[in-house]
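To start, the structure under review is shown below, and the notes come after it.
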Amino acid sequence: MLVEKPEGAEWLALASRSSVYFTRDGGVHWERVFHLGGREQLIRLIPGKERRCYLVSTQGVFVNDTRGRQWERIFSPPGGEKHSVLSFSVHPR
């Protein structure tokens, strides 16, 4: 899945089943900035305002404000592997 960059952002993101790649030069060079191990899967990559990006996976929800360099888990599904996040949305404000 290719994520359109938010207005004013200096990056573009591409997500595969288990990894996220960022480009900061219009697609000339891509860098893997996030990788899920094992059978975990990405479900959605959602752009926020400016530098913010959300990643929804079977491991939970992560947020990034550093152009892909550092990801912080902001939600873990209760029950561990028995449950996973199926949907996530961001308020436009």
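Worth pointing out:
- Coil-residue chymotrypsin sites (Phe, Trp or Tyr not before Pro) of the range 10-39, DSSP, other Cβ within 10 Å capped at 14: TRP30
- Stretch gain in nm, segment SER76-HIS29, where the contour uses 0.36 nm per residue and the Cα spacing is subtracted: 13.7 nm
Rule-based calculations on the coordinates, nothing more; no lab input. Worth saying up front: this structure is predicted, and the values here are computed from it rather than measured. Counting neighbours? That spans all protein chains shown, and the Cβs are built from the backbone with ideal geometry, glycine included.
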